[in-house]
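Comments concern the structure below.
The values are calculated or read from the model by the stated rules, or taken from the named source; none is laboratory data. Computed from a predicted structure; not experimentally measured. Virtual Cβ from ideal backbone geometry, glycine too; neighbours counted across all protein chains shown. To get the accessible areas, we keep the full protein, side chains included, count just its heavy atoms, and leave off ligands, DNA and RNA. Shrake-Rupley method; radii C 1.70, N 1.55, O 1.52, S 1.80 Å.
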Amino acid sequence: MPAHEIDYHIYGEEMQYVEIELDPQEAVVAEAGSFMMMDTGIQMDTIFGDGSNQTEGIMGKLFSAGKRMLTGEGLFMTVFHNQYHAKRKVSFASPYPGKIVPLDLKEFGGKFICQKDAFLCAAKGVSVGIEFSKKLGRGLFGGEGFIMQKLEGDGLAFVHAGGTLARKELTKDDVLKVDTGCIVGFSQTVDYDIEFVGGIKNTVFGGEGLFYATLRGPGIVYVQSLPFSRLAGRIYASAPQGGGNQRGEGSILGGLGNLLDGDNRF
(Lines give C-alpha, C1' and ligand atoms only; values in the text may rest on other atoms or scores of the structure.)
Protein backbone atom coordinates (compact mmCIF):
# COMPACT_ATOMS: atom_id res chain seq x y z
CA MET A 1 0.00 0.00 0.00
CA PRO A 2 1.46 3.39 -0.95
CA ALA A 3 2.19 5.57 2.07
CA HIS A 4 0.14 8.69 2.66
CA GLU A 5 1.76 11.92 1.45
CA ILE A 6 2.17 14.25 4.42
CA ASP A 7 3.58 17.73 4.99
CA TYR A 8 5.56 18.65 8.08
CA HIS A 9 7.51 21.32 9.95
CA ILE A 10 10.13 20.76 12.68
CA TYR A 11 10.27 23.27 15.54
CA GLY A 12 12.88 23.90 18.22
CA GLU A 13 16.60 23.35 18.66
CA GLU A 14 17.54 21.07 21.57
CA MET A 15 14.09 19.65 22.37
CA GLN A 16 12.42 19.48 18.99
CA TYR A 17 8.96 18.47 17.92
CA VAL A 18 7.57 17.76 14.48
CA GLU A 19 4.21 19.16 13.36
CA ILE A 20 2.55 17.08 10.65
CA GLU A 21 -0.18 18.49 8.42
CA LEU A 22 -2.76 15.94 7.30
CA ASP A 23 -5.14 16.37 4.40
CA PRO A 24 -8.63 14.88 4.81
CA GLN A 25 -8.40 11.06 5.19
CA GLU A 26 -4.61 11.12 5.60
CA ALA A 27 -3.01 9.45 8.63
CA VAL A 28 0.26 9.13 10.48
CA VAL A 29 1.44 6.27 12.71
CA ALA A 30 3.55 6.94 15.82
CA GLU A 31 5.22 5.24 18.75
CA ALA A 32 3.16 5.26 21.93
CA GLY A 33 4.18 8.14 24.17
CA SER A 34 5.45 10.48 21.44
CA PHE A 35 2.16 12.39 20.98
CA MET A 36 2.26 16.10 21.88
CA MET A 37 -0.89 17.87 20.57
CA MET A 38 -3.43 17.82 17.74
CA ASP A 39 -6.27 19.80 16.18
CA THR A 40 -9.88 18.82 16.59
CA GLY A 41 -11.14 16.51 13.87
CA ILE A 42 -8.31 13.98 14.16
CA GLN A 43 -9.25 10.48 15.28
CA MET A 44 -6.73 8.60 17.41
CA ASP A 45 -6.74 4.78 17.24
CA THR A 46 -4.52 2.15 18.88
CA ILE A 47 -3.49 -0.70 16.57
CA PHE A 48 -1.38 -3.85 16.63
CA GLY A 49 2.05 -3.29 15.12
CA ASP A 50 2.55 -0.54 12.56
CA GLY A 51 -0.70 -0.91 10.63
CA SER A 52 0.96 -2.12 7.44
CA ASN A 53 -0.66 -5.59 7.72
CA GLN A 54 -4.16 -4.51 8.64
CA THR A 55 -5.65 -6.06 5.48
CA GLU A 56 -4.06 -9.47 6.13
CA GLY A 57 -6.38 -10.57 8.91
CA ILE A 58 -5.67 -11.37 12.53
CA MET A 59 -2.51 -13.38 11.76
CA GLY A 60 -0.99 -10.48 9.83
CA LYS A 61 -1.68 -8.16 12.74
CA LEU A 62 -0.21 -10.58 15.27
CA PHE A 63 2.90 -11.11 13.14
CA SER A 64 3.42 -7.37 12.84
CA ALA A 65 3.03 -6.92 16.60
CA GLY A 66 5.32 -9.88 17.34
CA LYS A 67 8.13 -8.31 15.35
CA ARG A 68 7.94 -5.24 17.57
CA MET A 69 8.33 -7.36 20.71
CA LEU A 70 11.71 -8.59 19.44
CA THR A 71 13.02 -5.02 19.28
CA GLY A 72 11.88 -4.29 22.83
CA GLU A 73 9.02 -2.03 21.69
CA GLY A 74 5.39 -2.29 22.78
CA LEU A 75 2.80 -4.37 20.97
CA PHE A 76 0.77 -1.33 20.01
CA MET A 77 1.22 1.82 17.98
CA THR A 78 -1.09 4.79 17.54
CA VAL A 79 -2.64 6.03 14.29
CA PHE A 80 -3.82 9.63 13.96
CA HIS A 81 -6.38 9.89 11.15
CA ASN A 82 -7.76 13.18 9.81
CA GLN A 83 -11.52 12.73 9.54
CA TYR A 84 -12.20 16.44 9.18
CA HIS A 85 -13.14 18.10 5.87
CA ALA A 86 -10.08 20.41 5.97
CA LYS A 87 -6.39 20.13 6.80
CA ARG A 88 -5.54 19.32 10.41
CA LYS A 89 -2.26 19.22 12.34
CA VAL A 90 -0.79 16.76 14.83
CA SER A 91 2.57 17.07 16.64
CA PHE A 92 5.04 14.60 18.11
CA ALA A 93 7.84 15.46 20.55
CA SER A 94 11.42 14.27 20.99
CA PRO A 95 11.87 11.89 23.94
CA TYR A 96 15.13 13.60 25.05
CA PRO A 97 17.46 16.38 23.77
CA GLY A 98 18.54 15.90 20.18
CA LYS A 99 17.37 16.25 16.60
CA ILE A 100 14.45 14.91 14.61
CA VAL A 101 15.54 13.56 11.22
CA PRO A 102 13.01 13.44 8.33
CA LEU A 103 13.61 10.54 5.93
CA ASP A 104 12.04 10.24 2.50
CA LEU A 105 12.24 6.49 2.02
CA LYS A 106 12.08 6.83 -1.76
CA GLU A 107 15.53 8.44 -1.60
CA PHE A 108 16.87 5.36 0.20
CA GLY A 109 15.50 2.79 -2.22
CA GLY A 110 12.45 2.13 -0.07
CA LYS A 111 14.37 0.91 3.00
CA PHE A 112 16.27 2.50 5.88
CA ILE A 113 17.84 0.70 8.86
CA CYS A 114 17.89 2.42 12.27
CA GLN A 115 18.44 1.82 15.96
CA LYS A 116 15.52 0.12 17.66
CA ASP A 117 14.62 3.19 19.76
CA ALA A 118 15.17 5.82 17.04
CA PHE A 119 11.78 5.65 15.27
CA LEU A 120 9.36 8.46 16.15
CA CYS A 121 6.55 8.49 13.58
CA ALA A 122 5.81 7.95 9.88
CA ALA A 123 3.16 8.33 7.21
CA LYS A 124 0.65 5.51 7.40
CA GLY A 125 1.71 2.78 4.98
CA VAL A 126 5.34 2.76 6.08
CA SER A 127 6.25 -0.64 7.51
CA VAL A 128 8.25 -0.76 10.76
CA GLY A 129 9.98 -4.14 10.97
CA ILE A 130 13.16 -5.72 12.32
CA GLU A 131 16.55 -6.17 10.69
CA PHE A 132 18.39 -9.26 11.94
CA SER A 133 22.14 -9.63 11.65
CA LYS A 134 23.39 -12.45 9.43
CA LYS A 135 26.90 -12.22 10.87
CA LEU A 136 27.88 -14.14 14.01
CA GLY A 137 30.18 -11.45 15.39
CA ARG A 138 27.60 -8.73 15.11
CA GLY A 139 24.95 -10.96 16.66
CA LEU A 140 27.08 -11.93 19.67
CA PHE A 141 28.80 -8.63 20.40
CA GLY A 142 26.70 -5.96 18.72
CA GLY A 143 25.01 -4.88 21.94
CA GLU A 144 22.55 -2.10 21.05
CA GLY A 145 23.15 -2.76 17.35
CA PHE A 146 22.24 -6.47 17.38
CA ILE A 147 18.56 -6.13 16.44
CA MET A 148 17.77 -2.99 14.49
CA GLN A 149 14.58 -1.64 12.98
CA LYS A 150 13.93 -1.33 9.26
CA LEU A 151 11.61 1.26 7.80
CA GLU A 152 10.17 0.21 4.44
CA GLY A 153 7.88 1.97 2.01
CA ASP A 154 7.69 5.06 -0.17
CA GLY A 155 6.66 7.69 2.36
CA LEU A 156 8.10 9.97 5.01
CA ALA A 157 9.45 8.65 8.30
CA PHE A 158 10.92 10.52 11.25
CA VAL A 159 13.65 9.25 13.55
CA HIS A 160 15.21 10.86 16.61
CA ALA A 161 18.93 11.34 17.28
CA GLY A 162 20.33 12.25 20.70
CA GLY A 163 22.61 15.26 21.11
CA THR A 164 24.24 16.56 17.93
CA LEU A 165 23.57 14.84 14.60
CA ALA A 166 26.21 14.02 11.99
CA ARG A 167 25.33 12.94 8.45
CA LYS A 168 28.07 11.03 6.64
CA GLU A 169 28.07 10.21 2.93
CA LEU A 170 30.31 7.19 2.37
CA THR A 171 31.79 6.18 -0.96
CA LYS A 172 32.50 2.54 -1.78
CA ASP A 173 36.05 2.94 -0.41
CA ASP A 174 35.09 4.68 2.85
CA VAL A 175 35.01 2.92 6.22
CA LEU A 176 33.60 4.62 9.33
CA LYS A 177 34.24 3.27 12.84
CA VAL A 178 31.55 4.22 15.35
CA ASP A 179 30.48 3.36 18.89
CA THR A 180 27.56 0.95 18.46
CA GLY A 181 25.22 3.14 20.50
CA CYS A 182 26.05 6.26 18.47
CA ILE A 183 24.56 4.88 15.26
CA VAL A 184 21.17 6.39 14.42
CA GLY A 185 20.71 4.58 11.12
CA PHE A 186 22.03 4.01 7.61
CA SER A 187 20.89 3.23 4.10
CA GLN A 188 20.52 -0.39 3.02
CA THR A 189 23.63 -0.20 0.81
CA VAL A 190 25.92 0.25 3.84
CA ASP A 191 27.65 -2.88 5.17
CA TYR A 192 27.56 -3.05 8.98
CA ASP A 193 29.81 -5.23 11.14
CA ILE A 194 31.39 -5.41 14.63
CA GLU A 195 35.14 -5.31 15.31
CA PHE A 196 37.18 -5.94 18.46
CA VAL A 197 38.97 -2.84 19.75
CA GLY A 198 42.16 -4.79 20.47
CA GLY A 199 45.08 -4.10 22.79
CA ILE A 200 45.36 -5.05 26.47
CA LYS A 201 45.34 -1.45 27.71
CA ASN A 202 42.38 -0.55 25.50
CA THR A 203 40.49 -3.62 26.67
CA VAL A 204 41.16 -3.22 30.41
CA PHE A 205 41.45 0.54 30.88
CA GLY A 206 39.92 2.13 27.77
CA GLY A 207 36.42 2.54 29.16
CA GLU A 208 34.95 2.67 25.64
CA GLY A 209 33.76 -0.93 25.39
CA LEU A 210 35.39 -3.91 23.74
CA PHE A 211 33.78 -3.53 20.32
CA TYR A 212 32.90 -0.83 17.82
CA ALA A 213 30.89 -0.82 14.62
CA THR A 214 32.45 -0.58 11.17
CA LEU A 215 30.31 0.91 8.42
CA ARG A 216 31.47 0.43 4.84
CA GLY A 217 30.07 2.46 1.97
CA PRO A 218 28.57 3.34 -0.31
CA GLY A 219 25.63 4.95 1.43
CA ILE A 220 24.39 7.44 4.01
CA VAL A 221 25.05 7.11 7.74
CA TYR A 222 23.53 9.17 10.57
CA VAL A 223 25.50 9.35 13.83
CA GLN A 224 24.38 10.80 17.20
CA SER A 225 26.62 12.27 19.89
CA LEU A 226 24.36 11.32 22.82
CA PRO A 227 22.70 7.87 22.63
CA PHE A 228 20.01 7.34 25.22
CA SER A 229 21.91 4.50 26.90
CA ARG A 230 24.86 6.82 27.54
CA LEU A 231 22.58 9.56 28.87
CA ALA A 232 20.79 7.11 31.16
CA GLY A 233 24.10 5.71 32.40
CA ARG A 234 25.41 9.15 33.33
CA ILE A 235 22.18 10.04 35.14
CA TYR A 236 22.21 6.75 37.06
CA ALA A 237 25.86 7.18 38.03
CA SER A 238 25.19 10.71 39.31
CA ALA A 239 21.96 9.88 41.15
CA PRO A 240 22.10 9.60 44.96
CA GLN A 241 22.23 5.97 45.99
CA GLY A 242 19.74 4.82 48.61
CA GLY A 243 16.83 6.68 50.12
CA GLY A 244 16.60 9.72 52.31
CA ASN A 245 17.90 13.24 52.05
CA GLN A 246 21.18 13.43 50.11
CA ARG A 247 22.07 17.06 50.76
CA GLY A 248 25.46 16.13 52.13
CA GLU A 249 26.52 14.13 49.06
CA GLY A 250 28.92 16.73 47.73
CA SER A 251 30.51 17.59 51.06
CA ILE A 252 33.41 16.10 52.98
CA LEU A 253 30.98 14.69 55.54
CA GLY A 254 28.98 12.93 52.85
CA GLY A 255 26.35 10.65 54.41
CA LEU A 256 27.43 11.69 57.89
CA GLY A 257 26.23 15.20 57.09
CA ASN A 258 22.67 13.92 56.76
CA LEU A 259 22.87 12.47 60.23
CA LEU A 260 24.21 15.71 61.71
CA ASP A 261 21.58 17.94 60.12
CA GLY A 262 18.72 15.90 61.48
CA ASP A 263 18.10 13.30 58.78
CA ASN A 264 18.60 10.29 61.05
CA ARG A 265 15.87 8.02 59.76
CA PHE A 266 16.63 4.29 59.68
- [ ] Express in Å², to the nearest 10, the accessible area of Glu14 obtained by rolling a 1.4 Å probe over the protein heavy atoms while all chains stay in place.
- [x] 130
TODO: Enter the Cα centre distance for the pair segment 1-48 and segment 146-177, rounded to the nearest angstrom.
DONE: 21
TODO: Pop a pseudo-label 7 angstrom from the Cα along the beta-carbon direction at both Tyr96 and Glu5 and give the gap in nm to one decimal.
DONE: 3.8
